Amino acid sequence: MKNKSYIGISFIILVFGIIFIPKIINRIKNNDVTKIDRLNTPGQSETSEDLLVKIGKAPKFSLTNQNGETISNKNYEEKVYLVEFFFSTCPTICPIMNRNMVELQNHFEKNQNDFGIVSITINPANDTSEVLKEHAEHLGVNNPNWNFLTGDKDYIYELANKGFSIFAGENKESEGGFEHSGLFALVDKKGNIRSRKDEFGNPIVYYDGIEAAGIQALKQDIKVLLEEK
């Protein structure tokens, strides 16, 4: 009887291997295995709120976009959106950040009604609505919910440094005359800043907007938030 049981178990394992292992390998090759896949193992029932921590409410804002329109956080209600601080003449990390935002825009092209981007200049003296409009056209912006915002300098710096706690500052010795973080803030449909956890279970808070790993993480996590009710 024991031999028959062993044969039966071996047969089940063999069938599992034939059916599922090639699929798993294919997903790994196509980079479709996400952190959320790995966390949702049998026996677990973690929700998106367990996986993507609520950091707190995103600060309110009201600024002028590239079309001369007043845009506020209310324009992004019931939308998943990203926030970055940049300036159009930045010679260092901004072109990389903008390029990565374009990649995310294109990745979620079918979700334009539910996904947006907020790019706030830290050099409003130069980055007028007209300059930002030209900058947006140069990047190939086609998401109607991607707004390039300008306004009062003190207001913007307060929003960056105290509202989001994403560093931005003037420094004449820096290339371009400004210093700022290369981080992206991810905000859910309810206006909460959200983030995944690091390997130690701590919230990362903001996403790396420069390295490929950060953009890949955002592709995964934006998808999760878009599916939230």
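Structure notes:
- Verdict on LYS74 being farther than 30 Å from GLU173 by Cα, of a type in the set (D, E, K, R) and more than 13 Å from the chain's Cα centre (by Cα): yes
- Residue check for ILE117: assigned to a strand (DSSP E or B) and under 19 Å from VAL80 (Cα atoms): yes
- Checklist (1) in contact (Cβ under 8 Å) with a residue 24 or more places away in the chain; (2) more than 12 Å from the chain's Cα centre (by Cα) applied to ASP198, failing item: (1)
- Of all residues in the range 209-224, those satisfying the criterion of being open to solvent by 60 Å² or more (accessible area, probe 1.4 Å) and farther than 19 Å from LYS189 by Cβ are GLU211, ALA212, ALA213.
- Selected residue (criterion: surrounded by the fewest Cβ atoms within 10 Å (Cβ to Cβ)) from residues of the range 111-120 that are over 14 Å from LEU183 (Cα atoms) and in contact with a strand residue (DSSP E or B) (Cβ under 7 Å, 6 or more places away or on another chain): ASP114
- Failed item in (1) open to solvent by less than 50 Å² (accessible area, probe 1.4 Å); (2) part of a helix (DSSP H, G or I), with LEU149 passing the rest: (2)
- GLY68 outside any strand (DSSP E or B), on the phi > 0 side of the Ramachandran plot and touching a residue at least 60 places away in the same chain (Cβ under 8 Å): yes
- In the set (1) crowded, with 20+ Cβ neighbours inside 10 Å; (2) closer than 26 Å to THR64 by Cα; (3) of a type in the set (D, E, K, R), the condition left unmet by LYS189 is number (1).
- When GLU158, GLU227 are checked against the criterion of being open to solvent by 60 Å² or more (accessible area, probe 1.4 Å) and under 21 Å from GLN112 (Cα atoms), a single residue qualifies: GLU227.
- Some residue of the range 57-69 being out of contact with any strand residue (DSSP E or B) (no Cβ under 7 Å at 6 or more places or on another chain) and crowded, with 17+ Cβ neighbours inside 10 Å: yes
- Failed item in (1) closer than 18 Å to ALA160 by Cα; (2) surrounded by 21 or more Cβ atoms within 10 Å (Cβ to Cβ), with ILE204 passing the rest: (2)
- From the options ASP198, ASP221, ASP188, residue that is touching a helix residue (DSSP H, G or I) at 6+ places or on another chain (Cβ under 7 Å), acidic (Asp, Glu) and within 22 Å of GLY56 (Cβ to Cβ): ASP188
- If the condition is being open to solvent by less than 30 Å² (accessible area, probe 1.4 Å) and not polar (S, T, N, Q), then the range 136-146 contributes ALA136, TRP146.
- Test: residue in the range 100-110 that is farther than 15 Å from PHE87 by Cα, aromatic (Phe, Trp, Tyr), at pLDDT 95 or above and open to solvent by less than 80 Å² (accessible area, probe 1.4 Å): yes
The values are calculated or read from the model by the stated rules, or taken from the named source; none is laboratory data. Since the structure is predicted, the reported quantities are computational estimates derived from the model, not experimental observations. Here the Cβ is made from the backbone with ideal geometry for all residues, glycine too, and neighbour counts use every protein chain on show. Note: accessible area is taken over every heavy atom of the protein model, side chains too, but ligands, DNA and RNA are not part of it. Shrake-Rupley method; radii C 1.70, N 1.55, O 1.52, S 1.80 Å.
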